[in-house]
Amino acid sequence: MAFSSQTFSIPYVAGINESSGDVNVNPYLAPYAQNINTTYGVLETARGYKEYIAEPIPDKPTRVYLFTDVNTVDGTRRRHVIVTTKDTVYVWDEALKAWNTLMTGALSGEWGFITYQKEDNVILIMGNGKDNVKVWDGDADALSDLEGVPSKGRFFTLHYERVWMCGDPEMPNSVFYSRQFDPNDWTGDQENPSAGGGQVDLPTFESGGFITGIYTTSNEIIVMKEGTAIRIYGTSPSSYTAYEVTGGIGTKAERAIIPHGGSQYFITRHGLGVQSGSAVSMLNDRAMPSVFDNNYYKGMDRLINLAYQTTACGTRFDNKLWFAVPLGEAVENDTIIEYDPSRETLMLHRGLNVIDFARCDQEDDYVLFVGNNLGSTYKVYAYGVGFSYDGAAQKCVWESPWQDMGDKGRRKIIRQVRLYGDIHKVDSTMDTRQSVKVTVETDRGQFTRRFSPFAFRPSPQSFRCGLRLSGERFRVIVESGGNSYFRVGGGVELEVDQE
């Protein structure tokens with residue numbers, strides 16, 4: 001009997017889409033995957049992480065911030081890691097290898113930050129809504145009160161050379177702005193109103209709730225609330241006008257609002273939302289209903305924990321948006337939802353405890369976060385491109401959707417599976433369980449092969465093995481061991497014989 005041979009391939013991969021179950025017309029979207037990096041369409045183990053500061057944080061952290069200032073003597077740029085706890089503010093002293101205390105006795109550990117630069121002077125402005133707004137220049141031994149500020153606040157942004165602030169619980173619907181080029185003067189100017197400071201009183205909406213953030217978008221100010229968003233537009237105090245954005249969507253997760261590309265992305269109990277222009281809308285939450293939709297998924301291990309959704313945090317890193325959320329019964333963020341706005345793809349990362357992200361610079365190849373991932377104490381960790389090979393690897397898995405092999409009236413036999421890329425060890429400890437496992441499954445059986453990693457990073461090469469599986473449809477599952485890394489840049493191919 002004559003056989004004809006053909007090749008089925010999954011040339012590249014994208015993100016997760018659960019909307020079609022495990023049968024998907026698009027072979028590039030996985031019905032299930034975690035801790036996978038799919039940038040440029042490759043199938044790759046997620047980035048590693050490691051300790052950035054070995055010294056434990058003295059108490060459980062609440063926020064982390066990366067403050068960059070300029071030394072006024074020699075002009076060098078200095079980066080300071082600021083960590084807050086429920087009542088203390090610390091800064092890491094690299095010379096002394098110790099946490100220095102900048103403030104104790106704070107009434108709240110939920111701080112907001114903004115870096116302000118005027119000529120060569122760079123300062124850090126921070127507030128928690130209960131204590132006086134603070135300022136630090138990078139050299140002082142302690143925080144000091146920001147002079148001239150009219151109220152307490154915890155949310156800050158810059159707009160037309162002014163510092164904007166809100167979040168005073170005693171004035172919950174007031175937004176304040178400073179004079180241009182002067183964060184120490186918030187008073188009005190009768191002779192030149194366009195240069196003066198002042199406040200904008202927001203209209204109160206029954207479903208709006210409390211303010212959860214303030215950001216600058218193009219030439220407007222966006223104030224996020226629990227149940228809505230408000231735009232403040234105008235070029236000077238005399239023309240400032242506030243009105244509600246259409247859509248009726250807000251967020252309770254104040255630390256998980258991420259500006260990107262002229263829009264604000266945020267997380268809600270129903271999925272990811274985006275404010276763009278005069279409207280707020282939801283992204284395609286159908287792509288990941290097992291995280292957001294109780295009607296789709298009844299288990300407790302993957303649905304977002306609504307009782308602790310305010311702990312969610314986010315950042316922009318590697319041209320993607322990262323949202324850390326608590327799933328199941330977790331009371332701290334144990335899962336990262338990665339959203340790539342350029343490709344509109346989603347990915348889950350699990351196994352990381354993230355209490356807060358530091359907002360990183362666009363050119364940074366790592367992002368800082370605080371958690372307790374490599375021990376029982378809380379530390380500052382770095383996750384990113386620069387630590388892909390020497391950091392702690394994460395267990396990852398990627399499952400393709402079921403794909404028909406066509407012509408159901410004829411018998412098909414899979415003869416060979418091929419991958420092209422890198423497989424190697426992260427460190428010297430390895431056993432066979434930590435190799436890369438590739439499973440080919442049909443409706444009539446399955447075949448599993450473990451490819452052993454190399455002790456060094458090799459150049460890309462072809463990994464292949466023979467097998468014999470009959471069936472009418474197939475899927476491929478690729479899993480890493482706990483201490484191995486792979487990067488499949490040429491996709492997955494199956495050689496199939498057909499009668």
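Nothing in this text is a laboratory measurement; each read-out follows from the coordinates by a stated rule. Model, not experiment: these values are computed from the prediction. In this analysis, Cβ positions are derived from the backbone assuming ideal geometry, glycine residues included, and neighbour counts consider all displayed protein chains.
Descriptive notes on the structure:
- Computed over the stretch 191-347, the convex hull of the alpha-carbon atoms projects to a mean area of 10.1 nm².
- FRET efficiency, 1/(1 + (r/R0)^6) with R0 35 Å, evaluated for Ala307 and Phe181 via beta carbons: 0.20
- Electrostatic tally near Val135: other residues with Cβ closer than 11 Å to its Cβ, Lys and Arg +1, Asp and Glu -1, net -2.
- Sorted by Cβ neighbour density within 10 Å, fewest at the top, the residues Ile232, Ile257: Ile232, Ile257
- Electrostatic dipole magnitude of the chain [Cβ: Lys, Arg +1; Asp, Glu -1; Cα centre; debye, to 20]: 2300 debye
- Sorted by Cβ neighbour density within 10 Å, fewest at the top, the residues Thr377, Thr39, Thr157, Thr251: Thr377, Thr39, Thr157, Thr251
- With a simple spin-label model that places each label point 7 Å from the Cα along the Cα-to-Cβ direction, the separation between Asp87 and Ser5 comes to 7.4 nm.
- The chain: Rg to Rh, with Rh as the Kirkwood radius over Cα pairs: 1.04
- Separation of the alpha carbons by more than 27 angstrom is noted, of Lys50/Lys134; Lys60/Lys252; Lys97/Lys134, for Lys50/Lys134.
- Net charge over other residues, Cβ less than 14 angstrom from the Cβ of Leu303 (K, R count +1; D, E count -1): -2
- FRET efficiency, 1/(1 + (r/R0)^6) with R0 45 Å, evaluated for Glu94 and Asp189 via beta carbons: 0.60
- Modelled spin-label separation between Asp443 and Val397, with each label point placed 7 Å from Cα along the Cα-to-Cβ direction: 2.4 nm.
- Multiplying the residue separation of Tyr297 and Glu55 by 0.36 nm and removing their Cα-Cα distance gives an extension gain of 83.0 nm.
- Environment charge of Val354, counting only residues whose C-beta is closer than 10 Å and scoring Lys/Arg +1, Asp/Glu -1: -3
- Going from the fewest other Cβ atoms within 10 Å to the most, the residues Cys396, Cys465 appear in the order Cys465, Cys396.
- Between Ser376 and Ser238, the modelled label-to-label distance comes to 6.6 nm, taking each label 7 Å out from Cα in the direction of the beta carbon.
- The sum of -39500 (n - 2.57) across all DSSP H runs of n ≥ 4, divided by the residue count of the chain, sets its helix-only mean residue ellipticity at 222 nm to 0 deg cm²/dmol.
- When every Cα-Cα distance of the stretch 1-96 is counted in 10 angstrom steps from zero, the calculated P(r) takes the values 11, 23, 17, 20, 16, 7, 4, 2, 0 percent.
- A Förster distance of 35 Å, applied to the separation of the beta-carbon atoms of Ser278 and Asp74, puts the FRET efficiency at 0.15.
- Gap separating the Cα centres of the stretch 75-152 and the stretch 231-305, nearest whole Å: 29 Å
- Here the stretch 2-46 is scanned for amide nitrogen atoms under 17 Å from the site 7 Å beyond the Cα of Gln498 along Cα-to-Cβ, giving 2-10.
- Lys, Arg +1 and Asp, Glu -1 on Cβ, resulting dipole of the stretch 124-238 about Cα centre, debye, nearest 20: 420 debye
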